[in-house]
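Read through the structure below, which is laid out as structure tokens, and then see the notes.
Each reported figure results from applying straightforward, stated rules to the coordinates on display, with no laboratory input. Computed from a predicted model, the values in this text were never measured in an experiment. No Cβ is skipped: glycine too gets one built from the backbone with ideal geometry, and neighbour counts run over all protein chains shown.
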Amino acid sequence: MQYDPNDAPELTEAFFAKAVIMQNGHPVRGPKKHQQTPEEFYLAAAQYLSAVEKLVGSPIQQRPPEGLELPVLALVCFSLEFYLKAWVSDAVKRQHPQAAGVRPHGHELLPLYRLAVKCGLPEVSGLTHAVTAFDPDHRDHLFRYFQKDRTYYPKNMDETVLVMRQYLDKRVREKLSTPR
């Protein structure tokens, strides 16, 4: 199937009004006051992880197709971030004494992981290693931008995804399904 520019929608103000959120006639990034719920964080995490598994198999049977290493790594990191944010934000809702909001941590995996552990997430060595390894580059957005002469796909990615699916996803899902 080839792209035919004649079949493209007319890019009018009406088109964009449907495509993006508008405020006072101008597009905005999204509702500023919306606080993600633990369930929303979980659903985003699970979708990112499912995308990884669709690209490389589940369990991982191969490296990603050439040219997709960077996107797969970015998906893994965002999935980790959102699983941790789901755990911590649920602890905030349950008024856990160690809980604090997730917003100050942004994309910092290691502080989020430490906070999640303080809020009851049991430590698992594979998860600890992944968070520690990915934190600096994810925090600094280096997995979003390609750099020559850089390896983007760690050798133990299969273990990381396995721990995320068999442990982290399961634990967060169980926690969110427990009545508050």
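Calculated FRET efficiency, Lys118 and Glu66, Cβ-Cβ r, R0 30 Å, to nearest 0.05?
0.15
For the pair Tyr167 and Lys148, how long in nm is the line joining their label points, each one 7 Å along Cα→Cβ?
Placing both labels 7 Å beyond Cα along the Cβ direction yields 3.9 nm.
At 0.36 nm per residue, minus the direct Cα-Cα distance, what do Gln35 and Thr132 gain on full extension? Give it in nm, one decimal, please.
32.2 nm
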